[in-house]
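Presented below is the structure to which this report refers.
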Amino acid sequence: MNGERLYSIGDLARRTGMTVKTIRFYSDRGIVPPTDRSPTGHRRYGLDAVARLDLVRTLRDLGLDLATIRGIVDREIPLPEVAAAHAEALAAQIRVLRLRRAVLAAVARRGSTPEEMRLVHRLAKLSDAERRRLIDEFLDAAFTGLAANPAFAGIRRSLTPELPDDADAEQVEAWVELAELAQDPDFRASLRRLAEQHAADHADAPAVRRDAVALVREQAAPALATGVDPTSPRADPVVAAITDRYARLCGRPDDTALRRRLLDRLEAANDPRRERYLYLLSVINGWSAAESLAPVLDWSVRALRARTTG
């Protein structure tokens, strides 16, 4: 045929590294049809068959089905369209595999029971809408009825996790733990208490956005860093500065009642679950983890207790 060299199935097998059985399979399905036949009826293939088989092997390695492969090699289906669709399908498979890995890692880390594993899996595979509904219910429990304060819209946004579509195992595992926290009735009540306290502190000065914890951190952090004992006389001016600023924030006199009020706020804020929630939130959203407030809160709580009890 015009001087073109033809190859037997055996020749193709040697050139491509495929088995004779595999090449015959593709040939029978019209994916790599023979160019001619020998006088004895044996199939003969042109040089283009080598290129076709290389393409078929690549497409099969990528997971495409035979009908699609035949359409591509026959140029009936544009390869870029198939590649785009297949890439999206692979992305979905990767998300599923990442999810499964995260669930198994969480179960292994926790030593979970079968019941706990089912819960972890259920939380991990929630849809975007289901995740949003779960978080909305959690935040509604904390902030419903307090929305008149303009600060709460920003606070609510800052507490909202957004698990990305390409979340890695660490983000998925963080989401599962955060979702469990969000469904804890005691933690919900604790966050509600903090929100109510914040609203009460700003009732007479709604335009002020600072909260008690932020004011305390500014004053107490330097004292903590320099090793001031919170119960010693050296802490007196620090505590006085804290309570003075807090009194001005609330529009109240700086007295024992105000110090007890501030102590109540700091004890509520010094909840390890709150800090854990904020850490998990940073992992899920890809934010830099905030510095722990526990040391400052511990110092401030001790300092205030020493001056308001007895």
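The values are calculated or read from the model by the stated rules, or taken from the named source; none is laboratory data. Not measured: the values here are computed from a predicted model. Counting neighbours? That spans all protein chains shown, and the Cβs are built from the backbone with ideal geometry, glycine included. Heads up: the accessible areas ignore ligands, DNA and RNA and are worked out on the full protein's heavy atoms, side chains in. Shrake-Rupley method; radii C 1.70, N 1.55, O 1.52, S 1.80 Å.
Glu76 meets the conditions (1) closer than 30 Å to Gln93 by Cα; (2) among the acidic types (Asp, Glu); (3) part of a helix (DSSP H, G or I) in every case but one. The failed one is (3).
A Cβ distance below 6 Å, combined with a sequence gap of six or more or placement on separate chains, defines the contacts here; from the stretch 255-280, residues that are closer than 17 Å to Pro295 by Cα reach residues that are part of a helix (DSSP H, G or I) and open to solvent by 50 Å² or more (accessible area, probe 1.4 Å) in the pairs Ala268/Arg193. Residues in the stretch 54-87 that are open to solvent by 90 Å² or more (accessible area, probe 1.4 Å) and modelled with pLDDT under 75: Glu76 only.
The numbered conditions (1) assigned to a helix (DSSP H, G or I); (2) open to solvent by 50 Å² or more (accessible area, probe 1.4 Å); (3) of a type outside the set (A, V, I, L, M); (4) more than 19 Å from Arg276 (Cβ to Cβ) are all true for Glu170 except (4).
The sole residue among Phe138, Phe152 that is part of a helix (DSSP H, G or I), touching a Lys or Arg at 6+ places or on another chain (Cβ under 8 Å), aromatic (Phe, Trp, Tyr) and within 27 Å of Ala269 (Cβ to Cβ) is Phe138.
Restricting the stretch 266-294 to residues that are under 19 Å from His198 (Cα atoms) and open to solvent by less than 50 Å² (accessible area, probe 1.4 Å), the residue that is farthest from the chain's Cα centre (by Cα) is Leu266. In the stretch 138-162, the residue that is modelled with the lowest pLDDT out of those that are over 19 Å from Arg274 (Cα atoms) and surrounded by 15 or more Cβ atoms within 10 Å (Cβ to Cβ) is Asn149. All of Leu126, Leu181 fail the test of being in a helix (DSSP H, G or I) and either in contact with a Leu (Cβ under 6 Å, 6 or more places away or on another chain) or open to solvent by less than 30 Å² (accessible area, probe 1.4 Å) (or both), apart from Leu181.
Would you mind stating whether Ala51 is in a helix (DSSP H, G or I) and under 35 Å from the mean Cα position of the chain (by Cα)? Criteria not met by Ala51. Residue count for the stretch 2-20 under the criterion of being in a helix (DSSP H, G or I) and either buried (at least 17 other Cβ atoms within 10 Å of the Cβ) or touching a helix residue (DSSP H, G or I) at 6+ places or on another chain (Cβ under 9 Å) (or both): the result is 7.
Note on the stretch 213-293: enclosed helices (runs of 4 or more DSSP H) holding 1 or more residues that are farther than 20 Å from Leu159 by Cβ and modelled with pLDDT under 95 are 236-250, 256-269.
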